[in-house]
1. Using a simple spin-label model with points 7 Å from Cα along the Cα→Cβ vector, what separation in nm is obtained for H232 and A253?
2. Give, in nm to one decimal, the length gained when the segment between D388 and E314 is fully stretched (0.36 nm per residue of separation minus the Cα-Cα distance).
3. Treating cross-link reach as a plain straight distance, find the lysines whose alpha-carbon is under 16 Å from the alpha-carbon of K263, omitting any fewer than eight places away in the same chain.
4. Using a simple spin-label model with points 7 Å from Cα along the Cα→Cβ vector, what separation in nm is obtained for T351 and E511?
5. Just in the range 364-439: which GluC sites (Glu not before Pro) are loop by DSSP and have at most 12 other Cβ atoms within 10 Å?
6. In whole percent, and with a 1.4 Å probe on the protein chains, what portion of the accessible area of the range 286-417 is carbon and sulfur?
7. On alpha carbon coordinates alone, what is the Rg over Rh value for the chain, Rh being the Kirkwood radius?
8. Of all accessible surface on the range 155-236 at a 1.4 Å probe, what whole percent is carbon and sulfur?
Amino acid sequence: MSEPRHPDLPSGPAPWWREAVFYQIYPRSFADANGDGVGDLDGIRDKLGYLELLGVDALWLSPVMRSPMADHGYDVSDPRDIDPLFGDLAAMDALVSAAHERHMKVTMDLVPNHTSVEHAWFAEALAAPPGSAARDRYHFRDGIGDDGSEPPNNWPSVFGGPAWTRVTEPDGTPGQWYLHLFAPEQPDLNWENADVVADLEKTLRFWLDRGIDGFRIDVAHGMAKPEGLPDHDWGEQGLLTDTDADPRFDNPAVHGIHRGIRKVLDAYPDTMAVGEIWVRDNERFGEYIRPDELHLGFNFRLAEAAFSADEVREAIENSLTAVAQVGGTPTWTLSNHDVVREVTRYGDGETGRARARAMLLVELALPGAVFLYNGSELGLPGVDLPDDALQDPVWERSGHTERGRDASRVPIPWEGAQPPFGFSPPGTETWLPMPAEWSALTVEAQLEDMTSMLSLYRTALELRALRPEFAGDEIDWYGSPPGCFAFRRRGGGLICVLNTTDAATSLPPGEVLLSSAPLADGMLQANAAAWLI
Ligand code: NOJ
């Protein structure tokens, strides 16, 4: 960026992550080199040429550490090894150096809030008595009621059901309960325990020493828990936490943990961390990215906003405000492995696709870092999977009332006319079934088609990287007709116009650099966006 962002920030060249385009790879679903129906690290390495062509700056790999995969890698049994399903440490090293040769950074998911039940520490805790040092690394408590058969408090798990599971003690009697904010296979760590703190530092250094450029911190608003784990009066509860209304998340003690992470990263030049922060209050959100905490925080407002000019504008203003107070960098994301794919969210079919194209231009016009989710560049919709294919723990935990997130995790179609579309070798059964109609959405089908979603992504990313009009940290809003908006990058001068109405609208003066749909008589079509200079 050309201008200083904040009076308190040091001057000098801007760090690489400040305007980077990150590409999230869900490793199970990206590319399967060994033909077992599940994606792997060698598969990713084979596709680096594609990622370079696409024009992304950095990769974020969802977890590839050792895991029994109860939550597909977000249940880690050894944070300093690669799961054999994905490869081994040598495969990871090879991927990192091949990505670096192509000038792409590699960042990894870290899961410090919980471990897997198959982590050595948890086995130790189960074998040890109540009150032992081994149990202190987690949150073990006696149950309530005469026989301790009721959970210690009334917290629900994010995946449904209670946040507590009762263990059987080594002598065979029903025993204590342990806390798991997510699945029972994901026991929460006790962040007041010194072993837990020391072990994360060891993990950070382990990967940084191997050349990893940064981390995405899972549940960065979790970890610290309130004194005494008090009961709570639960109302309607979504993912985006209203801080004061949920004792499970955003405890102020979490900031000490982030300062610790930052201290380690500061010793490795050019590395960074981005936190998954589902916190609605802007002031509280901003605290996570103070200069001595995380470099970036995911802001999910854009992923939550409907395709409405007012809602999108509000999401943008909110996200800018949340970081401005601490001189932080905004981040933008339309989707990830936890939310409904944008094409489907915006209405599916041609309309959904047109709107997703428009929103890409909005997202890439904004100052800050962008996170793209694999498959969005192909315009993949969410997939309506049959019940017996569902694997997300949410499906079981909710008693088959919530289908979970598998719809957004179906493998990427690369080439050919039928499943598995080059994701796996022909004839392989993929871990989630791929729809036959994706033959029109493969990379191969879209690469040479200048009207495809993939071509729009490539063009837009190239312009964003090269054109001086994208400079500047601030935006100014123009007056616009209802259902439309226009903003201008202060500094570079790029203008972005969005039309969420069902009629064409006129454009402000300027030369059109790119539009998400062809102009009609010089007008911007319904469900479209354009860049002007
Ligand atoms: C957030 C991750 O993005 C999600 O996929 C996972 O299930 C939970 N954290 C628990 O680790």
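The values are calculated or read from the model by the stated rules, or taken from the named source; none is laboratory data. Bear in mind that the values here come from a model prediction, so they are computed numbers and not experimental data. Positions of Cβ are generated from backbone atoms using ideal geometry, with glycine treated the same way; all protein chains shown enter the neighbour counts. Side chains are part of the model used for accessible areas, which takes the heavy atoms of the whole protein and leaves out ligands, DNA and RNA. Shrake-Rupley method; radii C 1.70, N 1.55, O 1.52, S 1.80 Å.
1. 1.5
2. 22.7 nm
3. Once the sequence-local lysines are set aside, what remains near K263 is K202.
4. 3.7
5. Within the range 364-439, the qualifying GluC sites (Glu not before Pro) (loop, at most 12 other Cβ atoms within 10 Å) are E429.
6. That share works out to 46 percent.
7. 0.97
8. 50
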